[in-house]
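Please read the structure below before turning to the comments.
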Amino acid sequence: MENKSKIVSPGEKLGVIEEYMPGSNTYEDDGKVISSVAGKVVLDAQSRKVGVSPAKVAPVPEVGDVVEGIVTSVREENAQVKIVGIRGKRLLSGDFSAQLHVSQAAKGYVKSMFDAVNLNDRILAKVTTSWAPYQLSTAEEEMGVIFATCTKCGEPLLLKGGRLYCKRDNIYEKKKVSRHYLLSGD
Ligand SMILES: [Zn+2]
């Protein structure tokens, strides 16, 4: 019991009742203190209590999940995306890297990934594989870019007539835009 950061599984013996009092997330069984959860052993020397701090189980992306991500790099054929949230699940504690292939960017033919997303764009996407690097699709109407800034001036782009528009430069940028784009210019 010297190692206080020891990780235990449910049902694992933490000590005997002569040594320790059962603390949080533990129970006594036949003179033994047993962990009822998976987590880290917490030992209180003063009260001679042994407890377990439950391990936080981070949700992982699953097929069909709608995720929010940030584009971290773009090449002709695919984009790298950092998943920052999963809709309907708790916020992620870790980072998940994902990929968007040009063939999955839109329903129709997209020649280059640069016509669909750009660096630092925030996107909504659907997860299509259950292993890392997760494959994404933005083909559906709901999916695609939900926030982007102008590649020339850095101003947030506005959704105008279904396309993304920079007021300052008076230009449109070609993207696969989601129906849920955050800023309207109409
Ligand atoms: Zn601009």
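Read-outs throughout are calculated quantities, based only on the coordinates presented, and are distinct from any laboratory measurement. Since the structure is predicted, the reported quantities are computational estimates derived from the model, not experimental observations. Counting neighbours? That spans all protein chains shown, and the Cβs are built from the backbone with ideal geometry, glycine included.
Under a point spin-label approximation (7 Å from Cα along Cα-to-Cβ), what is the residue 115-residue 152 distance to one decimal in nm? Each label point is offset 7 Å from its Cα along the Cβ direction, giving 2.1 nm. The loop-placed chymotrypsin sites (Phe, Trp or Tyr not before Pro) in region 121-186, going by DSSP, that have at most 14 neighbouring Cβ atoms within 10 Å of their Cβ come out as 131. Computed on region 7-54, the Cα convex hull volume stands at 51 Å³ per residue.
Throw me the Rg/Rh for region 66-173, computed over C-alpha atoms with Kirkwood Rh, two decimals. The partial results should precede the final answer.
Numbers: Rg = 13.7 Å, Rh = 14.1 Å.
Using only Cα positions, Rg/Rh for region 66-173 is 0.97.
Viscosity 0.890 mPa s, temperature 25 °C: what is the translational diffusion coefficient of region 1-154 from Stokes-Einstein with a Kirkwood Rh over Cα pairs, rounded to a whole number of µm²/s?
It diffuses with D of about 134 µm²/s by this estimate.
Inter-part distance, region 117-186 to region 20-97, computed on C-alpha centroids, equals 31 Å.
Among the trypsin sites (Lys or Arg not before Pro) found in region 20-110, those both in a DSSP coil and sparsely packed, with 13 or fewer other Cβ atoms within 10 Å of their Cβ, are 48, 56, 75, 87, 90, 107. If the chain linking residue 160 and residue 132 were pulled fully straight, counting 0.36 nm for each residue of separation and taking away their Cα-Cα distance, it would gain 6.5 nm. Approximating the spin labels as points 7 Å out from Cα along Cα→Cβ, the residue 97-to-residue 28 distance works out to 5.1 nm.
Return the FRET efficiency for the residue pair residue 172, residue 72: r is the Cβ-Cβ distance, R0 is 22 Å, and the value is rounded to the nearest 0.05. The partial results should precede the final answer.
On the way: r = 24 Å, r/R0 = 1.10.
Efficiency for this residue pair is about 0.35.
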